[in-house]
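The values are calculated or read from the model by the stated rules, or taken from the named source; none is laboratory data. Since the model is a prediction, treat every value here as computed from it, not as a measurement. Please note: Cβ atoms are built from the backbone with ideal geometry, for glycine as well, and neighbour counts cover all protein chains shown. SASA here: full protein model, heavy atoms, side chains in, ligands and nucleic acids out. Shrake-Rupley method; radii C 1.70, N 1.55, O 1.52, S 1.80 Å.
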Amino acid sequence: MKTSTQILPGVKAIGWVDCRHLPKRVDLAGICGMPVAILTTIHPVEFFDEPQCECQTKKDGAGYEDTATLKFLTGAELPRSTNLGFVVTDVNDKSYLIGSKERPVPIPEKTHRLGLPDGDAAGFLYEVKHISIKSMVPCLI
């Protein structure tokens, strides 16, 4: 099975949004190559170390399936009471939306790290996965 992986050259900014306030069917707009306008509040996430963001595309029957993965270390805990989507901006000022109003929604996994006394970072390590027909949709903020 052939797969392709695209890796962003570097993450400049990360923000979370409430998926309930996103436009409908952003995945279809992404397939058409249309950037999606984010017309809701983007809450900035302060991160440290080097965040990673990638999107893997693979053949799934007659179509394709994307799996977007975002990993970052932050000092603040993100809200758990809502479905979170993420806006990632790379060093070239291109922004991507990970998430959608409809299911499937992104699945964030949180690890609380205390770090080591020799300088290892402490905080919350988040790994967000989103599987859809189109994930990491270009967006306008």
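One table, with the values for the structure above:
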quantity: Segment 83-141 - convex hull of alpha carbons, volume per residue in Å³; calculated: 110
quantity: Where the chain is the region considered: accessible area per residue in Å², 1.4 Å probe; calculated: 59
quantity: Portion, in percent, of the accessible area of the chain that falls on carbon or sulfur, probe 1.4 Å; calculated: 53
quantity: Along principal axes, Cα extents of segment 1-138, largest first, whole Å; calculated: 51, 36, 28
quantity: Size of charge dipole - segment 78-141 - debye, nearest 20, with Cβ of Lys, Arg +1 and Asp, Glu -1, no other charges; calculated: 360
quantity: The chain: calculated mean residue ellipticity at 222 nm from DSSP helix runs of at least 4, using -39500 (n - 2.57); calculated: -1000 deg cm²/dmol
quantity: Total charge dipole magnitude, the chain, about the Cα centre, Cβ charges on Lys, Arg, Asp, Glu only, Debye to nearest 20; calculated: 620
